[in-house]
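Heads up, the thing below is written out as C-alpha cells.
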Amino acid sequence: MIPADVGDHAFANGLVFSDPGGVLAAILATRSWRHARRLRKVWRQFLFQAHVEPDVKLSLSARLINLEDREKVIIRSGAIVRGILKNERGGRIELGREVYIGDNVIISAAAEVVIGAHTMVAHGVQLFDNNTHPLDPAERECHLRMIVGREPQRPVSIGKAPIRIGQGCWIGMNSVVLKGVSIGNNTIVGAGSVVVSDLPEGVVAVGNPARIARRLGS
C-alpha cells in the first residue's frame, strides 16, 4: 500500500514523495531499492541546496542545481516539483505555496524567477530569465569553449531580467516564458505559446508571440 502522503498525477509517469528520511522509509515508499537510492539523492539535493518548507513533494526526476547560497532557492509548503531548477550565479528562485512544476520543466534563473501560490506549470514548460549565451558571436564561441572545457572559465556578458508569475496561473504545456516577463494573477498561457512581454491578470494568452485571446469571465 502506498503511504498516504504520496501523491500522483493523472498524466505523469510515476509518483511524488515527501522526504523519506531514512533508507527503510524510502524503500517502503518506492517499493524499489534502486528507486529508494534515487529518492534519497534527490531529496538531499533539495535539502542541502534550498530552503524547503513542510509538505513539499518531489518526483524521482526532480533536479536542483544551485550555484548560489541555499536561501536563494525557496520552495514553499505544499509545492510539487517534477522538473529541473537551475539557479545560476546571481540568481534567485521562489516557488509559492502549492505550486506545481510538471515533468520536463526547466527553470533557469540568473536574475530571479518567482512563481505565485497555486500556479501550475505544465509539462515541458521552459522559464528562462536569461539569454543562456552571449549575443556577440565571438564571445558566444568562447562561452561554448568554456562550457565544454576547452577554455578556462571567465565572466561573459549574458542578458538577464526577472520573471514574475502571479498566483493561480496556468502555464500550458511546452510553453516558453522569456526574460523580463511578468504574468498577472489567474492568467492562462495556452499550450506551446512563447511569452516575450508582460501579460495582465485574468486573461487567456496564446501564440508565438503570446497575445491575449480573451479575458476570463467575459
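The values are calculated or read from the model by the stated rules, or taken from the named source; none is laboratory data. Quick caveat, the model's predicted, so the values are computed rather than measured. Don't worry about glycine lacking a Cβ; one is built from the backbone with ideal geometry, like all the others, and counts go over all protein chains shown. Accessible surface areas use protein heavy atoms only, side chains included; no ligands, DNA or RNA. Shrake-Rupley method; radii C 1.70, N 1.55, O 1.52, S 1.80 Å.
At a glance:
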quantity	calculated
LEU95 in contact with a helix residue (DSSP H, G or I) (Cβ under 9 Å, 6 or more places away or on another chain) and under 28 Å from SER193 (Cβ atoms)	no
Some residue of region 188-200 being surrounded by 17 or more Cβ atoms within 10 Å (Cβ to Cβ), in a strand (DSSP E or B) and either out of contact with any Ser or Thr (no Cβ under 6 Å at 6 or more places or on another chain) or basic (Lys, Arg) (or both)	yes
Residue in region 20-35 that is more than 20 Å from MET173 (Cβ to Cβ), over 12 Å from the mean Cα position of the chain (by Cα), of a type in the set (D, E, K, R) and buried (at least 19 other Cβ atoms within 10 Å of the Cβ) present	no
Of all residues making up region 112-168, the number that are open to solvent by less than 40 Å² (accessible area, probe 1.4 Å), modelled with pLDDT of 85 or more and either more than 16 Å from VAL99 (Cβ to Cβ) or aromatic (Phe, Trp, Tyr) (or both)	8
In region 58-74, the residues that are of a type in the set (Val, Ile, Thr) and open to solvent by less than 50 Å² (accessible area, probe 1.4 Å)	VAL73, ILE74
Close pairs (6 angstrom Cβ cut-off, 6 or more residues apart or separate chains): free of Cβ contacts under 8 Å to residues at least 40 places away in the same chain in region 153-167, surrounded by fewer than 17 Cβ atoms within 10 Å (Cβ to Cβ) anywhere	GLN153/MET146; VAL156/GLU139; GLY159/ASN131
